[in-house]
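All remarks here apply to the structure that follows.
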Amino acid sequence: MAREWNATHGKRATLFHLVLYGLARVLQRARAAQPVHGRAQTYQRKQVLLSFAVKKAMSDDAPLATVKEKFERDETFAQVVERTSGEVSGARVEAPSAMDKELSILLNCRASCSRS
């Protein structure tokens with residue numbers, strides 16, 4: 001599918017796009033989203049959110065940025081490729097994202113709380 005896509009579209013699709021799209025579809029299926037009862041209860045989610053880490057540069061020492069994407073039920077593969085490509089490019093910008101700032105606060109709080 002990715003080869004066919006790349007031959008006819010401007011944005012290049014990768015195996016990562018296929019896995020992300022497939023995983024979102026599986027999680028959106030009605031059977032996978034039903035409540036599960038047992039020791040702990042898991043309830044149906046209202047939306048599918050997937051997070052992944054992106055290297056800010058192509059080097060072993062480069063820091064990671066976290067990207068979190070919401071997947072809609074009626075979203076096409078083309079829309080996922082376009083949006084994901086934009087999110088990854090945006091995450092590679094030097095300025096920290098909102099999620100990076102939140103994570104930094106959490107990690108700093110955790111470090112200062114553990115010293116007490």
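Annotations for the structure displayed:
- Selection over the stretch 69-96 of residues that are outside any helix (DSSP H, G or I) and either within 26 Å of Arg3 (Cα to Cα) or not charged (D, E, K, R) (or both) gives a count of 12.
- Pairs, first closer than 20 Å to Glu69 by Cβ in the stretch 1-20, second among the aromatic types (Phe, Trp, Tyr) and surrounded by 14 or more Cβ atoms within 10 Å (Cβ to Cβ), C-beta under 6 Å, six or more apart: Ala13/Trp5
For every residue, the table says whether it meets (1) surrounded by 10 or more Cβ atoms within 10 Å (Cβ to Cβ); (2) at pLDDT 80 or above.
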position: Ala24; (1), (2): yes, yes
position: Arg31; (1), (2): no, no
position: Pro35; (1), (2): no, no
position: Leu50; (1), (2): yes, yes
position: Val54; (1), (2): yes, yes
position: Met58; (1), (2): no, yes
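The values are calculated or read from the model by the stated rules, or taken from the named source; none is laboratory data. Treat the numbers as computed from the prediction; the structure is a model and nothing was measured. Reconstructed Cβ throughout: ideal geometry from the backbone, glycine too, with neighbour counts over all protein chains shown.
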